[in-house]
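Data first, discussion second: the structure below is written as structure tokens.
The values are calculated or read from the model by the stated rules, or taken from the named source; none is laboratory data. As the structure is a computational prediction, the values presented were derived from the model and not from experiment. Glycine gets a Cβ as well: all are built from the backbone with ideal geometry, and neighbour counts include every protein chain shown. Each accessible area value is taken on the protein alone, full model and side chains, heavy atoms only, with ligands, DNA and RNA left out. Shrake-Rupley method; radii C 1.70, N 1.55, O 1.52, S 1.80 Å.
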Amino acid sequence: MGRNHRARWAAFGAAVAVSIGAGGLITLASASGGGASSFTAITPCRLLDTRVNGPATGETPPRTTPLGKSETLTVTARGNFGKCVDLSPTATGAVLNVTTVNATASSYLTVWPADREQPLASNLNYVAGQGPTPNQVTTGLDSSGRLSVFNNAGSVDVIIDVVGLYEPASGGGGGSGSGGATGPAGPAGPKGEAGEPGPAGGPKGDKGDKGDQGDQGEQGMAGTQFMTSSKPDITMGNGQYSSMRLDANGNPVISDFDPTNGDLRFTRCYDPGCVVAHSNVVDDGGIGGAQVGLYTSLRLDETDLPVISYYDATNGDLKLAHCADLDCADATATSIAVVDSTDDRGQFSSLALDSAGDPVISYYDATSTSLMVAKCNDVNCDGGDDAPGAAVSTGEAGMDYGKYSSIAIGQADDLPTVGYYNATNGDLEMIHCSSVDCSDGPSGVVVDGSTSDVGADLSMALDDAGNPVFAYYDAATLALATARCDDADCSAPVVNEPLVSLPGSIDTGVAFDETALDSSTGRQLAVISLVDYSDPTKPALRVVRCKDEACSDFSTSVPDLVAGELPMNTSIVVDAYGNPTISRYDSIVNQLVVVHCADPMCIPHVKVLASP
């Protein structure tokens with residue numbers, strides 16, 4: 001347990017620790033120690049150019065080949081190197097313009113002081129075939145004035161220009177002692193004689209006529225929008241049953257199942273595109289290699305710590321994990337509770353936190369084929385007074401009901417609403433519970449009971465009025481369907497089923513865009529993620545944005561169509577700007593994939609592969 005890794009930082013960071021001290025002096029960290037340094041700009045000079053006909057190579061004999069896969073190159077930023085002449089022999093750091101050209105693969109560069117261990121960071125990311133890609137990098141130098149450059153994949157030519165150096169501050173500039181007293185002012189010197197008057201200026205010219213206004217220029221090119229598509233957890237074999245939320249900083253956090261190792265995993269992103277992320281094992285099942293972590297459902301407690309419900313397939317148990325740190329890095333401190341160990345229970349788990357921050361979980365009893373709800377009395381669900389869940393009295397005894405459960409708690413009444421699939425009747429159903437543990441009525445409500453088989457692969461969310469909205473699968477037409485309730489009890493559902501232009505739609509997720517409201521009702525509009533299997537040879541992640549509250553009109557796009565991928569298990573969130581972020585599992589590469597859109601419809605001008 002406790003396996004851990006840190007993902008590589010993207011191209012906004014510098015490979016050096018920098019702190020500002022007294023007098024604006026800067027300390028650069030390196031293995032040889034850090035002292036106060038001052039910055040000096042220089043006339044830019046070319047330190048390194050690995051191209052065949054490059055004007056500088058920085059090596060003797062000249063290097064005329066690109067950096068290869070996993071290759072590290074060490075260069076000197078003192079004295080004479082490449083086309084740089086008389087660089088300071090005492091420089092402690094350098095500001096560089098680093099450019100890549102002729103890349104044969106999507107990769108990244110890392111730059112760092114040569115006497116330090118290579119950091120898990122990147123200073124410049126690029127993709128195969130991309131044009132010259134520059135980035136400014138600040139790095140420390142080792143005691144000999146050297147820095148190292150690492151290329152992760154493929155081959156790439158590297159150009160490095162020095163634009164400034166850090167040198168040790170003189171005169172103890174970093175000291176903190178107070179200055180001496182100011183001495184008295186000396187007497188004023190005698191006033192000098194007045195100079196001779198200069199010649200008179202020429203006559204003032206006439207004012208010219210105002211020129212005519214020029215014609216309006218042509219429309220400029222559209223600004224570049226970036227969509228990131230990242231694989232934040234570099235451990236191979238992860239990403240099934242992902243559940244995603246936004247943390248207090250607006251960055252994604254994700255729970256998922258590792259089918260290769262049978263582990264529950266957690267990823268915290270440190271930017272909206274999940275370029276920078278930490279991923280850890282939360283539960284590895286202990287000795288024997290149990291398969292734990294299926295059907296994950298994630299929420300964050302009031303301090304942003306993850307709370308995750310999930311299914312232990314080996315033992316047939318419903319479990320709950322509450323991490324003790326933001327990254328779930330300390331597995332020994334993570335609270336793991338078995339919530340329900342009776343028979344085979346825990347599939348299709350869905351988690352909500354009530355107003356006290358205590359978990360309420362809906363799930364499926366595969367033995368009695370019924371919907372279950374468990375209410376915990378503390379956030380860890382380990383207080384000793386937490387009874388196993390009970391079958392919900394929906395009035396469907398003897399039927400197979402409760403698969404694909406989705407739970408949410410209304411802000412107004414603090415009571416759960418649970419959406420689920422009745423497999424016996426082929427209906428989409430829900431219950432608005434009259435108690436927090438759903439132990440007593442009312443009976444379940446049929447939201448969509450059409451003659452076809454509807455309701456599988458459902459996802460549910462409550463709008464700002466506490467009314468349920470559903471996205472689900474119509475098995476008869478092989479299409480996406482939606483339903484929206486006009487009140488918390490869903491007494492008058494509005495069903496749009498099926499959306500025939502979206503066939504083959506499964507693995508849905510649904511969220512609300514708080515920036516987009518129905519023009520006539522002021523209600524929030526739904527945004528849906530799904531997997532489009534209309535062409536079995538090219539399954540694709542798809543986004544649907546409803547244009548009205550009933551989703552009778554909508555827009556759709558395919559934001560990240562990658563040949564050879566097989567997407568599954570989508571989860572969606574919408575940020576404060578109305579832009580979706582979607583997590584999914586790619587069963588071909590066997591990894592978690594996160595797509596962050598730069599506009600509400602996920603139609604980018606440029607797609608950036610944000611991580612290697």
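Brief remarks follow.
- When we screen V85, V127, V111, V98 for residues that are more than 22 Å from E167 (Cβ to Cβ) and aliphatic (A, V, I, L, M), the only hit is V127.
- The listed residues are L592, L530, L525, and the only one of them that is touching a Gly at 6+ places or on another chain (Cβ under 6 Å), hydrophobic (A, V, I, L, M, F, W, C) and modelled with pLDDT of 85 or more turns out to be L592.
- Take the conditions (1) within 19 Å of G357 (Cβ to Cβ); (2) open to solvent by 10 Å² or more (accessible area, probe 1.4 Å); P306 misses just one of them, which is (2).
- For beta carbons closer than 7 Å, sequence separation of 6+ or different chains, a first residue in the stretch 298-321 that is at positive phi and a second that is surrounded by fewer than 20 Cβ atoms within 10 Å (Cβ to Cβ) and part of a loop (DSSP other than H, G, I, E, B), the qualifying pairs are D304/D247; D304/A248; D304/L326; G316/D343; G316/D344.
- Of the residues P259, P252, the single one that is in contact with a strand residue (DSSP E or B) (Cβ under 9 Å, 6 or more places away or on another chain), surrounded by fewer than 20 Cβ atoms within 10 Å (Cβ to Cβ) and at negative phi is P259.
- Residue satisfying condition, being assigned to a strand (DSSP E or B), out of contact with any Gly (no Cβ under 8 Å at 6 or more places or on another chain) and acidic (D, E), within set D507, D513: D507
- Single match in N467, N496, N425 (criterion: modelled with pLDDT of 90 or more and more than 28 Å from S368 (Cβ to Cβ)): N467
- Set side by side, the residues T394, T451 differ, and just one is at pLDDT below 95, more than 27 Å from D518 (Cβ to Cβ), over 30 Å from the mean Cα position of the chain (by Cα) and surrounded by fewer than 16 Cβ atoms within 10 Å (Cβ to Cβ), which is T451.
- Pairs linking a residue in the stretch 512-525 that is closer than 15 Å to D575 by Cα to a residue that is open to solvent by 80 Å² or more (accessible area, probe 1.4 Å) and charged (D, E, K, R), with Cβ atoms under 9 Å and 6 or more positions apart or on different chains, are F512/D464; E514/D464; A516/K547; Q524/D464; Q524/E514; L525/K547.
- Listed by first and then second residue, the pairs with beta-carbon distance under 8 Å, at least 6 apart or on different chains, first residue in the stretch 560-580 and assigned to a loop (DSSP other than H, G, I, E, B), second open to solvent by 20 Å² or more (accessible area, probe 1.4 Å) and of a type in the set (K, R), are D560/K607; L561/K538; A563/K538.
- Applying the set (1) free of Cβ contacts under 8 Å to residues at least 60 places away in the same chain; (2) surrounded by fewer than 18 Cβ atoms within 10 Å (Cβ to Cβ) to I234 leaves exactly one unmet item: (1).
- Checking the stated criteria, Y310 turns out to be over 21 Å from the mean Cα position of the chain (by Cα) and closer than 22 Å to V594 by Cα.
- Under the condition of being of a type outside the set (A, V, I, L, M, F, W, C), open to solvent by 30 Å² or more (accessible area, probe 1.4 Å) and closer than 22 Å to D457 by Cβ, the residues counted in the stretch 556-601 number 3.
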